[in-house]
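**Student:** So that we are looking at the same thing, I have put the structure below in C-alpha cells.
Derivation of every value follows stated rules applied to the coordinates shown; laboratory data play no part. Predicted model only: the values in this text are computed from it and were never measured. Every residue, glycine as well, gets a Cβ built from its backbone with ideal geometry; the counts of neighbours run over all protein chains shown.
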Amino acid sequence: MLALSVRGIAERKLRTALTAFAVVLGIALVSGTYLLTDTINRSFDQVFQTANEGVDVVVTPKRLFSIGQQGTTPQPLQSSTLTRVRAVPGVAEAAGTVFLPGQIFDKQGKPLTATGAPMFIYGLTAPRFDPFVYVKGHRPGASDQVVLDSFSAQRAGYRIGDTVRLAGKGAAASFRLVGIADFGQASSLGGASVAIVQTPVAQRLLQLGDSYTSIDVAARPGVTPPQLAARVREALPATAYTVRTGSQQARADANAIKDQLGFLRTFLFVFAAIALFVGAFLIVNTFSITVAQRTRELALLRMIGASRRQVLQAVIGEALVLGILASAVGLAAGFGLAPGLQALFRAFGADLPSSGTVIEARTVIVSLLVGPLVTLAAALGPALRASRVAPVSALSQAASPPSGRAARRRTPLAGALAAVGVALMCLGLFGSTSGGSAAGLIGAGAAVVFIGVGLLASHIVRPLALVVGLPLQWLRGVSGRLARENATRNPRRTASTSAALMIGVTLVAFVTIFAAGLKSSIANAVGAGLKGDLIMQSAAITQPVPAAAVGALAQVQGVRTVSAIRFSKAIAAGAGRPDVTGVDPATIGRVLKLEWVNGSAATLRTLGAGGALIAKGYADEHHLKVGQRLSLTTPTGARLRPLVRGIYEQKVSLLAAITLTNAVLGRDFNVAGEAFVMATTAPGADAEAVRARAERQLASGYPGVKVLTNQGFIDEQSSQINQLLVLFYVLLALTLLIAGFGILNTLMLAIGERTRELGMLRAIGTSRRQVRQLVRYESVITALIGAVLGVALGVVFAVLVTIPLRSEGFTISIPVVELMILLAVAAIFGVLAAIWPARRAARLDVLRALAYE
Amino acid sequence: MERDRLQSHARPARGVRRDRPARPSGPPAGASEPGASEPGVRDAAPAPAADPAVAARAPDPGVAAPAVDGAPAEPILVAVDLHRRYGEGDVAVNALDGVSLQLPAGAFTAIMGPSGSGKSTLMHVLAGLDTPTSGTVTLAGTELAKLDDRRLTRLRREKVGFIFQTFNLLPVLTATENIELPLKIAGRPVDVAWRDQLIETVGLSGRTDHHPAELSGGEQQRVAVARALITRPAVVFADEPTGNLDSHSSAEVLALLRRSVDELGQTVVMVTHDANAAAIADRILVLVDGRIARDETIAEPQQVHRLMREVR
C-alpha cells in the first residue's frame, strides 16, 4: 500500500508539488524563524561574553524589573561603593564604568539610528576590563575625544579627525573622533552603536555626577571569581546591589535580551502557524478532489480485495510522504528565508546581529515533525471518505464520492464551530484571562471561526458567485457565464478553495481596519484631548527628551506654556504592574483636556508628592476609590504609598493607569528624561511658524529632539503605523500566496476533470482565448468569493476585538477605499493563479481532449 | 406526437428519402412528403446532378458555393489524397493512406469501417480537428491547411456542427443554453425563431429548462443535434452519434439527422460502425486500412450489411 502511495505521488508530480508548496512555505517560516532567532541569540551570547571577558566580578545596582527601552534606569552606584569594593581582600583592581543609552548624531545632525537598535555612551574603563579592540587610532585620551564602533563609524561615514556630536540627558556636545574600535571579534555590539568617551565625560553627559552604572572587579591570583563574588557580596548591602561573577553576568545580560527577542520569535511563529493553517485548507481540498476523482480506482482496489484499512492507509501514506518531503524542503528553504527575514526587519529599522548560522537539533526536529502532522491532520477527513468508497462504485457510470451521514451533519456542525469560535474569541477578549493566554484564546477562536465559515461557505458560494460573477457575465458574455457556472458546480470545493484566501484576506482586512482605527483614534485623541499646539519628542524612540530641552523650548518666542510627561512602570501591591505617568501639576491642565470622573482642576493643585491620580479603567479593575492609598514599588526599589486624589477618564491615552508628579518620577523612579513635551503657543501665533523657530533654535543644543505641530504629530504617528502595516502585509502576503497556489491547484484539477468538455467547446468553435478567459474568470470569481468573505470577517473581527479598547478611546473606522483595493488585489491574485491553468486548458489538444476518459 | 411522427418517418422512409426537399431553407412545415422519389443516383466524385434545391438552399450565405440557380452544386467538402501518419519510423501507423473524396452539399454520408480503419481520423481531418500529414481538405470553399488555429476555430464555429458519441453537453447549462452555446461563443445573436423551431423539431419542447443530468441519453443527444444545427453549419459531423443510445433513442436521433438533410438540406457526415445506422445515409464510404475500400450509394439496409460482410 505504501508503494501505491509513493506511486500516486510520483504520477501526480505537479499536483503534489502544488500541494506541498503550502507546507514548504509554512515549515520554511518555522525553520527560518528558529535559525534566525537562534543565530541572534548566539550573537548576543558572544556579545556579552566579550563584554565580561577579563572581568571576574561585576557589581550592578539591584534591578527589580525591566521597564522597556525608554525612561528609567536603576539608581547608579555611588563612588563610595567603588571605594568599598576596592577595600575587599582579594581584589586586584576595581573600576567603575558608565554604559547608558545616549545619542550619537550623524553628519546631518540626525540620530544615527532613529528606530530599532539602541545607541549607547560608554565611559572608558581600565584597560584590563575594556572589551573593545582599537583597530584604528587610540583610546580617548582627552575629554574632547571619542571612539566609535567600526560598524557605526562606517555607516555614518566618519573618519578619524571628524567631529562627532553626542547627547546624554542634557545638551549635545561635540567631540573629535580619535579611534575606531571593534567589539571583541565583532565589528558591532549586536547592532547597537557605541560612543566611547572618558568616564568623567560620560558621567557629565549622562548627568550621573560621580556615580557609575557598574563596577568591574578583577581578582588577585589565587582567588577564584566565585570566592571573590562572595566576599564582595558580604561587603555590600544585599538589598541595593547585585554581585555576579563575569560569566554569570554575561548569562544574565544575554537572558535579558533573549526575553525581549522571544517576542520576535512568537511574532514570526504566529505567521508560520497562519501559513500552515491556510496550507491545511489547501491540503484538505486537494485530497478531497483527488479522492473524488479516484473513486473508481479506489473502488476497484476494494473490489479486488483491498480492505478499508488498506485504502485508508494508501491515502494517509500519500499524505505522510508528501508531508515529510515538503517539510524537508521547507527546512532547507528556511536557510534561505532566515536572511530574508532579517533583511525584512532591517528594512523596518530593527537591525539584529547575526554571525554564522546556528542550527539546533530542535529546529530540524520541530520542522520535520510539524509538517507531516499538519498534512496528516488535514488529509484524515478525505482519507476516511476514501475508505468508505463502496466496491460497487467501480462498476457504476458516474464516479461520485460517497456522501454519508457526515455530509448531512455538516451544516449544523459548521454553524456550531463558528459559534464556538466566536465564543472563544469573546472569552479571550472579555474574560478574566490576561496577556498571552487571552491572545491564545482569541487566535484559537479565530481559527475555529475560519474552519466553521469555510464549511458554511459552500452554502453562500452560489449567491456570492452570482454577485461577483454577474458583472463578468454582462461584460464578457458566455465566458463569464460559464465561468460562474463552473465556479458553482461544486460549491464545497469552491468554498474550501476560497476559504484559504479568505483567511489571508481576513487578516489583512483586520490589520488594515485596526490600523485605520488606531490612526483615527490618535487624531481624535489629539484633537479632543490636547489643548496645546506643539509636541516635542525625541527623534530616536529609544531615547527620552533631555529634561533641559523643556526649558529651552519655553524660551522660544511664541511658546507660552510648556508641560512635560514622563513614563515609567511600577509594581502595585495587589494591582498588577501598571504604567505610570508623571505630569507637572501646575501646567498639565493647560496642555491637556482632562475628563474627571472624580475630581477637578483643583485636584491637580493639591496632588503634591504624596498624591496620585488614577484612570477609571484601572480604578474599576482593582476597585480603587478616591481616598485610598496605593502601594507601589518603583524600578529603583523605592516604596511609595500615594493617596488617590482623583480619577480621570483614560480617553487620551497619553496618561497611563497611574499619574504622579514628574518630581516623584525623577526622584523615586529615576526618570530623568521626558517622554512627551507639550506646549501652547501665544494667542495669535502661527503654530507652524513657532514650530519651525523652535526646531531651529533647539537644533544646536538638542539635535535629538524634534518639535511637531499637532497635525505633524498625527501624521508622524500615522506613518509609523503605516510602516508597521507594511511589515504585516509582507508577512501576510505569504498566506495570500499559498491561497493563490490553492486556487491554481483546484483549477488544474478541475481542468483535468473537464478535459472532455473543454475539448467539445474547442471543437464547436471556442477560441483558445475564450478558453483562457473561462478559466481566468472562474479563478477571479473564486478569489473574489474568498475576498468578500474575508473582508466581511475582517470587519467582524476588528469590531469584536476592539470592543475592550473603546474605553481607552479607540474609535473604529472602516477604511472603505483600502478594503476595495484589497478586493481588487484578490482579483489580481485570481488572475495570476489562473495564468498557468488557463494556458494549459487553452493548449489542450482537441482530439485528445475529446477522447479523454 | 412529434416524436411518433419523426419515428414513423424514419423507419419506412427507405425509398422515400431520396427526394431533395424543394424548399429553400424554409421551415420544415408539414415535414417531408413522401413521393416524387427519384432514386438518387448521386455519384461520389463529380458534382451531383443538377438540383436547384441544393443551390437555392444556402445554409449560410456564402457557404454553399453555388448560389446561382440551375448551376451544378459544387462539392461542399473536398479531400484530395489525404495521408495521416502517426508516430515515426518503425512504429509509424498510416491511419489515412491516400483518401480522396467529394461530398456534395445536402448529402448524408456514412463513413464505416472496422476498428482502426481510420474512419475517425478521416472525420477529424475533414472537420479540421486534425491536420493531415499530406493532402488537402477544402470545406465550404476554404482550404483548411492554410488556416492557423484562430481561423480554424472560427471556421469550426461558423461552418461546422459536431455531434459526439458521448453527447458532450455542458452539465452546468440548460438544454436551451446548450443549444445556444455555439452562437454565444461566436458572439452572434440568437435567432429565436430558428432556435424554437429546432427545439420543436428535435422534440424537446417542455424540456428546455432541464439540465443534461435530468435528460435521458436520447434527449441529450437530441439537444446535441439541435446544438449542431443552430449555426446553420455547412457540414454536420456526427461521430458514432448512436453509440451510447438504446435502439429506440438511436432511431429517433437518426431520423432527426435524416430530416435535417431532407428538409433543411443539411450536409451530414456520420462515422459509425453500426450497419443499421449507416443504412439511413445516402452514401456509404467504407474505410479499410486507411483507404476507401467501397463507395456506394445505397437504397436499402440489406445492402449495407452485404457491403460490410464483403469488406470483412
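**Student:** Please report Rg (one decimal) and Dmax (integer) in Å for the Cα set of segment A:544-703.
**Tutor:** For segment A:544-703, the Cα-based Rg and Dmax read 16.5, 49 Å.
**Student:** Could you please tell me the mean projected area of the C-alpha convex hull for segment B:166-263, averaged over all directions and given in square nanometres to one decimal? It would help to have the intermediate numbers written out before the result.
**Tutor:** Details: hull surface 23.7 nm².
For segment B:166-263, the mean projected area of the Cα convex hull comes to 5.9 nm².
**Student:** Between helix A:246-293 and chain A, what is the angle of the helix's C-alpha long axis to the longest principal axis, kept within 0 to 90° and rounded to the nearest 10?
**Tutor:** 10
**Student:** Which value in nm describes the separation of the simple spin-label points at B:Glu300 and A:Leu470, placed 7 Å from the Cα toward the beta carbon?
**Tutor:** That separation, rounded to one decimal, is 6.4 nm.
**Student:** Same structure, new question: What net charge do the residues around B:His273 carry, taking every other residue with its C-beta under 9 Å from that of B:His273, with Lys and Arg at +1 and Asp and Glu at -1?
**Tutor:** Taking every other residue near B:His273 into account, the sum is -1.
**Student:** Using modelled amide H (1.01 Å from N, peptide plane; none on Pro or chain starts), what sits under 5 Å from the amide H of A:Asp162, excluding residues fewer than 5 places away?
**Tutor:** Here A:Leu177 satisfy the definition.
**Student:** Also, I was wondering about something else. Using 0.36 nm per residue, how much length does the chain from A:Arg155 to A:Asp845 gain when fully extended, once their Cα-Cα distance is taken away?
**Tutor:** Stretched fully, the A:Arg155-A:Asp845 segment lengthens by 242.4 nm.
**Student:** While we're here: Considering only the protein assembly as shown, what is the antiparallel percent among its DSSP beta bridges, to the nearest 5?
**Tutor:** 70
**Student:** Could I ask something else about it? Kindly state, to the nearest 0.05, the FRET efficiency for A:Lys136 paired with A:Glu93, given R0 = 22 Å and r defined as their beta-carbon distance.
**Tutor:** Rounded to the nearest 0.05, the efficiency is 0.20.
**Student:** How shielded is B:150-162 by partner chains, expressed as the average number of their Cβ atoms within 10 Å of its Cβ atoms?
**Tutor:** The per-residue average across the peptide is 4.
**Student:** In segment A:234-320, if the dipole is taken from +1 on Lys/Arg beta carbons and -1 on Asp/Glu beta carbons about the Cα centre, which of A:Gly317, A:Val278, A:Ala252 is farthest to the positive end?
**Tutor:** A:Gly317
**Student:** Now for a separate question. As an exercise, identify the trypsin sites (Lys or Arg not before Pro) in segment A:133-204 lying in DSSP coil whose Cβ has no more than 15 other Cβ atoms within 10 Å.
**Tutor:** Passing sites in segment A:133-204 are A:Arg159.
**Student:** Which one, A:Ala240, A:Val374, A:Ala638, projects farthest toward the positive side of the charge dipole computed for chain A from Cβ point charges (K/R +1, D/E -1)?
**Tutor:** After comparing all options, I get A:Val374.
**Student:** Let me ask something additional. Taking the radius of gyration and the Kirkwood hydrodynamic radius from Cα positions alone, what is the Rg/Rh ratio for the protein assembly as shown, to two decimal places?
**Tutor:** Computed over Cα atoms, the ratio is 1.16.
**Student:** What is the calculated FRET efficiency for A:Glu716 to B:Val93, with r their C-beta to C-beta distance and R₀ = 51 Å, to the nearest 0.05?
**Tutor:** 0.10
**Student:** Multiplying the sequence separation of A:Ala689 and A:Ile828 by 0.36 nm and subtracting their Cα-Cα distance, what value in nm do you get?
**Tutor:** On the way: separation 139, 0.36 × 139 = 50.04 nm, distance 4.63 nm.
Result for the pair: 45.4 nm of gain on full extension.
**Student:** All other residues with a Cβ under 15 Å from the Cβ of A:Leu380 taken together, and with Lys, Arg as +1 and Asp, Glu as -1, what is their net charge? Intermediate values should be presented prior to the final figure.
**Tutor:** Numbers: positive: A:Arg308, A:Arg309, A:Arg385, A:Arg388; negative: A:Glu318.
Computed value for this residue: +3.
**Student:** Round to the nearest 10 and give me the degree value, 0 to 90, for the angle of helix A:687-701's Cα axis relative to the longest principal axis of chain A.
**Tutor:** Value to nearest ten degrees: 60.
**Student:** Let's see if you can work this out: charge +1 on each Lys and Arg Cβ, -1 on each Asp and Glu Cβ, no other charges. What is the dipole magnitude of segment B:217-305 about its Cα centre, in debye to the nearest 20?
**Tutor:** Rounded to the nearest 20 debye, it is 280 debye.
**Student:** Rounded, prolate or oblate: pick one for segment A:707-808, where a ≥ b ≥ c are the square roots of the eigenvalues of its C-alpha gyration tensor, a/c under 1.5 means rounded, and failing that, prolate if a/b is larger than b/c, else oblate.
**Tutor:** Working: a/c = 3.77, a/b = 2.79, b/c = 1.35.
It is prolate, given that a/c is not under 1.5 and a/b is the larger ratio.
**Student:** Next question. Given q = 0.13, 0.17, 0.29 Å⁻¹, what are the Debye log10 I(q)/I(0) values for segment A:796-841, with equal point scatterers placed on the Cα positions and solvent ignored?
**Tutor:** Log10 of I(q)/I(0), two decimals: -0.51, -0.65, -0.97.
**Student:** Along Cα→Cβ, 7 Å out, is where each label goes; now give me the distance between the ones at A:Lys107 and B:Asp289 in nm to one decimal.
**Tutor:** The modelled label-to-label distance comes out at 9.1 nm.
**Student:** Rounded to the nearest 20 Debye, what is the dipole magnitude of chain A about its Cα centre when Lys and Arg each give +1 and Asp and Glu each give -1 at the C-beta?
**Tutor:** For this selection, approximately 2420 debye.
**Student:** As I understand it, the value is the acute angle between the Cα axis of helix A:361-387 and the longest principal axis of the Cα atoms of chain A; what does it come to in degrees, rounded to 10?
**Tutor:** Value to nearest ten degrees: 30.
**Student:** Okay, moving on. Does anything in segment A:438-458 have its amide N under 17 Å from the 7 Å Cα→Cβ label point of A:Phe269, and if so which residues?
**Tutor:** Taking a point 7 Å out along Cα→Cβ of A:Phe269, the residues of segment A:438-458 whose backbone N falls under 17 Å are A:438-445.
**Student:** Give me the extension gain from A:Arg629 to A:Arg409: residue separation times 0.36 nm, minus the current Cα-Cα distance, reported in nm with one decimal.
**Tutor:** Taking 0.36 nm per residue and subtracting the Cα distance, the gain is 73.3 nm.
**Student:** At a threshold of 8 angstrom on Cα-Cα distance, excluding pairs fewer than six apart, so keeping six or more, what relative contact order does segment A:544-703 reach in percent? Don't skip to the end; give the middle numbers.
**Tutor:** Numbers: 314 pairs, mean separation 57.0, N = 160.
Reported relative contact order: 36 percent.
**Student:** Shifting gears a bit: Please state the charge dipole magnitude for segment A:214-341, taken about the Cα centre, from unit charges on C-beta atoms (+1 on K and R, -1 on D and E), reported in debye and rounded to the nearest 20.
**Tutor:** 340
**Student:** Hey, for a label at A:Arg346 modelled as a point 7 Å past Cα toward Cβ, could you say which residues of segment A:262-291 have their backbone N under 14 Å away?
**Tutor:** None, by backbone N distance to the label point.
**Student:** Ok, one more. How big is Rg to Rh over segment A:57-245, alpha-carbon atoms, Rh as the Kirkwood inverse-mean-distance radius?
**Tutor:** Looking at segment A:57-245, the ratio lands at 0.99.
**Student:** Here's another thing I want to ask about it. Net charge within 14 Å of A:Glu53 by Cβ-Cβ distance, Lys/Arg positive one each and Asp/Glu negative one each, not counting A:Glu53 itself?
**Tutor:** Result for the neighbourhood of A:Glu53: -4.
**Student:** Okay, next question. Given labels modelled 7 Å from the Cα in the Cβ direction, how far is it in nm from A:Leu380 to B:His83?
**Tutor:** It works out to 6.4 nm between the two label points.
**Student:** Using the C-alpha gyration tensor of segment A:619-767, what are the square roots of 5 times its eigenvalues, in whole angstrom, with the largest one first?
**Tutor:** 59, 28, 16
**Student:** FRET efficiency for A:Asp144 and A:Gln555, Cβ-Cβ distance as r, R0 = 41 Å, nearest 0.05?
**Tutor:** My answer for the efficiency is 0.95.
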